[in-house]
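Down below is the structure, laid out as structure tokens.
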Amino acid sequence: MDPVSQLASAGTFRALKEPLAFLRALELLFAIFAFATCGGYSGGLRLSVDCVNKTESNLSIDIAFAYPFRLHQVTFEVPTCEGKERQKLALTGDSSSSAEFFVTVAVFAFLYSLAATVVYIFFQNKYRENNRGPLVDFIVTVVFSFLWLVGSSAWAKGLSDVKVATDPKEVLLLMSACKQQSNKCMAVHSPVMSSLNTSVVFGFLNFILWAGNIWFVFKETGWHSSGQRYLSDPMEKHSGSYNHGGYNQDSYGSSGGYGRQASLGPSSDEFGQQSSGPASFTNQI
């Protein structure tokens, strides 16, 4: 039997049924979706400029852009409708900082989630051997929760800027030929942003997962166990003082007044001595 089958048969993968490891596996999966939908994006738009002189027109102006969205470096040429002269333009804006930060957080979150899941499954005893492992895990979880919140918010704003900069109506305003009413400028194809919208959704979902996992990681630390002991000690002292208090059924039963009923009548020995009086009197007669 191979080692993987032996580990599976020994119940090693039961850790995935616990919330700690299960949430880590979800974080790993959602991190993949986050950086794949953002880092792997490439799109474009198509415009048309119909000049009065049809020979100067260009009905298929393709503008392509992709991650990391340095739009100011995306250049294209359009007709000026004034002879064969061409106008070289570029898109506006630069959202590379927010996009790269978002993808970087996603990649490192994926790597840490993968490593943590392996530790939970194969090295769980060493992980819980002392407080160092859970403590580091707790701190890293808090840090990544904050990074996911900041990265997702920044990328949401960056995506909004990308949508404005690549809006065909905004791009047409950059062309000098489109400022003349005699020329007709139209948007043939708009960019598809569905995958980028999905990346923002996965970013905030990752924040929710990491923030929710803080509690389960905290339960593994010594801080939680020491807090539990602190709460249980006063309860034990209170219950002990109650049991040693004045109300004790055993002491009441052993020293109660009801036992004195036995002394109300004469004892068997005394009764025997009194009854022997008449018998001795008869013998004397």
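Ranked from highest to lowest mean number of other Cβ atoms within 10 Å per residue, what is the order of the peptides 122-128, 204-210, 46-52? Mind dumping the intermediate values first?
Values: 122-128: 13.0, 204-210: 20.6, 46-52: 18.1.
Peptide ranking by packing, descending: 204-210, 46-52, 122-128.
By average Cβ neighbour count within 10 Å, what is the ranking of 162-171, 148-157 from highest down?
Order by mean packing, descending: 148-157, 162-171.
When the label point is put 7 Å from the Cα of ILE214 along its Cα-to-beta-carbon vector, which residues of segment 142-184 have a backbone N closer than 17 Å?
Counting only backbone N, you get 142-153.
Quick one: check the C-alpha center-to-center distance for segment 147-204 versus segment 52-66, whole angstrom.
19 Å
Each residue of segment 110-116 in order: what ³J(HN,Hα) in whole Hz does its phi give by Karplus 6.51 cos²θ - 1.76 cosθ + 1.60, θ = phi - 60°, with x for Gly and Pro?
4, 5, 5, 4, 5, 5, 5
Which whole-Hz couplings ³J(HN,Hα) result when phi for each residue of segment 19-28 is put into the Karplus expression 6.51 cos²θ - 1.76 cosθ + 1.60, θ = phi - 60°, listed in order with x for Gly and Pro?
x, 4, 6, 5, 5, 4, 5, 5, 4, 4
Compute the distance in nm between two label points, each set 7 Å from the Cα along the Cα-to-Cβ direction, one at GLU85 and one at VAL52.
A separation of 1.5 nm, rounded to one decimal place.
Which of the peptides 194-202, 31-39, 55-63 is most tightly packed, and how do the rest follow, going by the mean number of other Cβ atoms within 10 Å of each residue?
Ranked from most to least packed, the peptides come out as 31-39, 194-202, 55-63.
Per 0.36 nm of contour for each residue apart, how much would the distance between GLU18 and THR198 grow if the chain were fully extended, relative to their Cα-Cα spacing?
Extra length from GLU18 to THR198 when fully extended: 62.0 nm.
Suppose R0 equals 35 Å; then what is the FRET efficiency for VAL140 and SER96 from their Cβ-Cβ distance, rounded to the nearest 0.05? Don't skip to the end; give the middle numbers.
On the way: r = 27 Å, r/R0 = 0.76.
FRET efficiency, VAL140 to SER96: 0.85.
Since every read-out is calculated from the coordinates, none of them should be taken as a lab result. All figures in this text were calculated on a predicted structure; none of them were measured in a lab. A quick note on method: Cβ atoms are made from the backbone with ideal geometry, for glycine too, and the neighbour counts reach across all protein chains shown.
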